[in-house]
C-alpha cells in the first residue's frame, strides 16, 4: 500500500493530541456528572426521515447503505448530524423508563457533508447537555444549563490553560416582546433580518426592516438599537427601558435574562455578557439563547451554543420542552492543536521502562512491572535486552521519564536529571506530576 | 411524531446500562494505560478500496455517501468494520511520527451490515490493543498482548462480577509445522478443514482431509488427533510429541505456546488453556492465536480474539508485523445486560438532592450544591419547591440516596434509612460507596 493521505474534513489526532482531547472529555464528564447529568449514547444512524425538520433536510447528511443491500432493502438511514435530533427520538422511545426532568449528557461523533475548512469538519465530536421536562420545564433550568457548560470550560481554563471564554446570551422572549411592543406581528421575520446585523451593519439592517417588512423608520431604528445593546452585568435592562417599548413578553424576557446574568456573574465571574444581537438563526428556540467565544480566538466563531425549546420532542399527546447547550469539542481543539497551544508532558501513558539484562531474565523484569502496576504506575518492559544506553535512549525517545534496573529491589533512574537511586518496586512512587501524562498551556 | 421503534442490530443502552458499559470501558482504559498503550481514535470511514483485503470486500460493509453529492463526487467511503484495517492505514500514514514497537489501544464503534441476532450487531463497540514493530517484532509481545486483555477481564471479574473467562490459545507455527512434518504442502488447506472440526466432528474431518487433500488415512488421523489436544498447562507438549511428528517450525510453535501458557498461568492463573483446535478461520495470522469464552456463557462464542500477523501493514519497502487482541464490548455486554447479570446502585450520578424551601430561596440551595460539588459530590437542586415529602419522593424515584435540607449548615437525610443529621456542606462526606453509582453482580 502506498502511503495513505488524510481525508479532508476527517481530522485524526496523534497520541499526544489525543491526550489533550481525552483530558477535555474527562473534564466535561466530571463536570456534567457533578451536576447529575446521566450519560447516554445513541446509535450513529437515524432513519433519513427523522433527520429532517418539518420535512426538509437542511443539513448535509451522509446516507448509509449496505454494500450488499437488496434493491428491496428500503431502510434509508443517515448518519446523525447533531445529538439533539437523536435525543428527541430517544426520549420518545424511552419516555416510560425515564424520570423527568431528565438530565443527560452525550459525547459522540457527528457527521456533516459540509465543505471542509478550519474549524469545520465532516466528522467531529460534540458534547451536549440537555434538561427535558414532560409537559413543562421550569425557567431556572435555562440558567442552569449554560452555567454547567461555563463551569466545565472554566475548569479547562484552570487545568490545561484553555483560553478563557465569553458566553453571549440573549432571550427570544425579550426580542419578540420588544418587536410586538413596537406593533410588529411577524416577529420572526424581524429576527431573521436583525440576525444579519453583524454582517451588514446598522444602516442596511434598518433599511431592510423598512423596505421588506414595512416597519416605520422609528421602529426599525429601535430594532437596530436593541441589537446593539451589550453589557456584562444587568445594565442592559436600563438600556432596553430607555427605548421606551413596553410589552409583557418583553418584561418576562428581561427578567429571565437578568437572572441568568446575575447567577452567572456569581458562579463563574466575568464569563458572560448579555448581547441582544444574538438570534441563533432559524432554530426553534423560544427563550434563552447562548453562544460562546474563545477570548483571543473570536474568529473561530461560537464553540458552544444552545438555548431553550418549548417543544424539543412531542408524541402528539405529550410535549417535551428542553434546554440544552452543545460544545464543539473537535471544533474547539482542532484549531488550538494546529496552533500548538498546548504542551503534553509525554505522548505515552508509560511512567517507567523496566530495563532487561538479557532475554533469560525478562521474567524478572515482568515481576518488577507487575509490582509497579499493582500500585497504579503505568509501566512497560523494554522490548529488547540491549545495552543499557540503548534502553535509556528507547525510553527517552518515547518520553518515558524513569528507567528501572535490576529486580524488584533494584534501582530507578530519572533519565531527565540522570539521578539514580536504590528503590523497591513494592513501595517506590514517582512524583504525582510524573504518574500520568498531563497537559499544559504552551510557553 | 409517533413513538419510534428501535432499529434492529443497533442496540442502545438505558442510563443504568450505560453505567455498566462505562465501568467496563474505564477499566479497559486503566489496564491498557498501565501497560503503556497509547490511545488513538481513527475516523469512522475509510475509502472503500481500503476496506478490502486482496481486493475483495468480504465483510458486509456500509457505504457512506453525501445526500447532496454530485454525480462527479467519486469519494467512495465505507464505515469501518473493525479497528485493524484503520490501524494499518493510520500507521502507514504516521509512521514517521511514531516510535516502534508502537503500542496503541483503540475503543470505538464499528459497523457491519450482518443479519442481526443475539450478540451480533450492526453497530457495536470494540476495544483493541495492538503492538506493532517496524521490520521485526519480538515473539515475547505475542505473550504480552493476550495477558494484558486477560488482566483487564480479570479486573472486571473482581470489580463488577463479570463471569470469569477462559482464553483458548494455539499457534499457527505449531499446526503448520505439524502438517509440514506429515509431508503436507498446502498446510493452509488442512487448517481450513480442521477449522470445521468443532462443527462436523472427528470422522468427517478425517474423511475430508483424505478425499479433498489426498492425505493418507494415517496422516489425516494425526491431524484430527492434534486438533483434539487441550490442556490448561504445558501438558500439550507431550501429547503432541506422542504423535511422533518432527519439524523445526513445529518446535518453534511448541516453544512459543509453552511460554504463553506458562506466563499466563503465572500472571492470571486458571484463565488460559492450550487448545490446538483453534485456527481463527482465514485470517492472516502467522503465530499465536487467541479466542476467549465467558465461562457459563460459551454459547455467546468468542468475546475476545486476536493473534500475530507477520505483516499487519506494509508500504512496499517496510513491513509492520503486529500482534493484537480485540474485545467485543457490545457483544459481551448486550447479552449479559439482557439477562440482568448486573445491578447498578443507581441510574444517575447524583449523590445528593438539595431540597428547595421556596423559589425565593433557590439561590441558597444553589450555594449548598456548589459547596458539595467543590468537594467532588455529585449534586442536583430540586426542580421544584414542593412539599418536602414530594421532594424526597423525587429523589427516591431517581435513586438519589441523600436529600439536603436548609442552608450550607443544614441537615442531610439518608432516604434509605430515614436517618437525618445536622451537617455542614463544607465538610460532610457520604460513604465512599455512595459517592458514585457502582456496578455489582446480580444476586
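The values are calculated or read from the model by the stated rules, or taken from the named source; none is laboratory data. Predicted model, so just to flag it, every value in this text is computed and none were measured. Cβ: placed from backbone, ideal geometry, glycine included. Neighbour counts: every protein chain shown.
Applying the criterion of being more than 18 Å from residue A:429 (Cα to Cα) and more than 10 Å from every other protein chain (Cβ to nearest Cβ) to the residues of the range A:354-381, the residue that is surrounded by the most Cβ atoms within 10 Å (Cβ to Cβ) is A:364. Within the range A:93-104, the set of residues being farther than 20 Å from residue B:395 by Cβ and in contact (Cβ under 8 Å) with a residue 40 or more places away in the chain comprises A:95 only. Just one residue in the set A:338, A:370 is more than 19 Å from residue A:169 (Cβ to Cβ) and not assigned by the TED database to the domain that holds residue A:162; that residue is A:370.
Restricting attention to the range B:417-443, the residues that are under 18 Å from residue B:392 (Cα atoms) and either within 41 Å of the chain's Cα centre (by Cα) or modelled with pLDDT under 95 (or both) add up to 3. Within the range B:285-296, not a single residue is farther than 29 Å from residue B:147 by Cα and in the same structural domain as residue B:170 (by the TED database). The residues of the range A:157-177 that are touching a residue at least 24 places away in the same chain (Cβ under 8 Å) and either outside the structural domain of residue A:249 (by the TED database) or surrounded by fewer than 22 Cβ atoms within 10 Å (Cβ to Cβ) (or both), listed by number, are A:159, A:160, A:161, A:163, A:164, A:166, A:168, A:176.
Restricting attention to the range B:14-28, the residues that are more than 7 Å from every other protein chain (Cβ to nearest Cβ) and either surrounded by fewer than 18 Cβ atoms within 10 Å (Cβ to Cβ) or assigned to a loop (DSSP other than H, G, I, E, B) (or both) add up to 2.
Scanning the range A:299-319 for any residue that is in contact (Cβ under 8 Å) with a residue 24 or more places away in the chain and more than 25 Å from residue A:105 (Cα to Cα) turns up nothing. The residue list A:439, A:403, A:408 contains one member that is touching a helix residue (DSSP H, G or I) at 6+ places or on another chain (Cβ under 9 Å), more than 9 Å from every other protein chain (Cβ to nearest Cβ) and more than 29 Å from residue A:18 (Cβ to Cβ), which is A:408. Of all the criteria given as (1) in a helix (DSSP H, G or I); (2) out of contact with any strand residue (DSSP E or B) (no Cβ under 8 Å at 6 or more places or on another chain), the one not satisfied by residue B:138 is (1).
Assess whether residue B:180 counts as being out of contact with any strand residue (DSSP E or B) (no Cβ under 8 Å at 6 or more places or on another chain) and surrounded by fewer than 23 Cβ atoms within 10 Å (Cβ to Cβ). Yes: the conditions hold for residue B:180. Of the residues making up the range A:101-121, those that are within 16 Å of the chain's Cα centre (by Cα) and either modelled with pLDDT of 95 or more or in a strand (DSSP E or B) (or both) are A:104, A:105, A:106, A:107, A:108, A:109, A:110, A:111, A:120. Under the condition of being in contact (Cβ under 8 Å) with a residue 12 or more places away in the chain and out of contact with any helix residue (DSSP H, G or I) (no Cβ under 6 Å at 6 or more places or on another chain), the residues counted in the range A:242-256 number 3. Select, from B:270, B:328, B:253, B:287, the only residue that is at pLDDT 95 or above, touching a strand residue (DSSP E or B) at 6+ places or on another chain (Cβ under 8 Å) and under 26 Å from residue A:363 (Cβ atoms). Result: B:253 is the single residue among B:270, B:328, B:253, B:287 that is at pLDDT 95 or above, touching a strand residue (DSSP E or B) at 6+ places or on another chain (Cβ under 8 Å) and under 26 Å from residue A:363 (Cβ atoms).
Residues in the range A:1-13 that are at the interface with chain B (Cβ under 8 Å from one of its Cβ atoms) and surrounded by fewer than 17 Cβ atoms within 10 Å (Cβ to Cβ): A:1, A:2, A:3, A:5, A:6.
Could you please let me know if residue A:281 is out of contact with any strand residue (DSSP E or B) (no Cβ under 9 Å at 6 or more places or on another chain) and at pLDDT below 95? Here the answer is yes, as residue A:281 does meet what is asked.
One residue stands out in the range B:368-400 among those that are in contact (Cβ under 8 Å) with a residue 24 or more places away in the chain and touching a helix residue (DSSP H, G or I) at 6+ places or on another chain (Cβ under 6 Å): the one that is farthest from residue A:29 (Cα to Cα), namely B:385. Looking at the range B:296-353, the strands (runs of 3 or more DSSP E) lying wholly inside it that each contain 3 or more residues that are buried (at least 20 other Cβ atoms within 10 Å of the Cβ) and within 13 Å of chain A (Cβ to nearest Cβ) sit at B:319-328. On the basis of being more than 9 Å from chain B (Cβ to nearest Cβ), at pLDDT below 90 and not in a loop (DSSP other than H, G, I, E, B), does residue A:72 make the cut? No, not satisfied. Condition (residue is part of a strand (DSSP E or B) and in contact with a strand residue (DSSP E or B) (Cβ under 8 Å, 6 or more places away or on another chain)) applied to the range A:361-372: is it met by at least one residue? The answer is no; no qualifying residue exists.
Taken over the range B:406-443, the criterion of being exposed (fewer than 12 other Cβ atoms within 10 Å of the Cβ), in contact with a strand residue (DSSP E or B) (Cβ under 6 Å, 6 or more places away or on another chain) and either in contact (Cβ under 8 Å) with a residue 40 or more places away in the chain or in a loop (DSSP other than H, G, I, E, B) (or both) is satisfied by B:442 alone. Take the residues in the range A:32-50 that are within 9 Å of chain B (Cβ to nearest Cβ) and assigned to a helix (DSSP H, G or I); name whichever of them is nearest to residue A:322 (Cα to Cα). Looking at residues that are within 9 Å of chain B (Cβ to nearest Cβ) and assigned to a helix (DSSP H, G or I), I get A:32. The residue list A:32, A:13 contains one member that is farther than 30 Å from residue B:368 by Cβ, modelled with pLDDT of 95 or more and in contact with a helix residue (DSSP H, G or I) (Cβ under 7 Å, 6 or more places away or on another chain), which is A:13.
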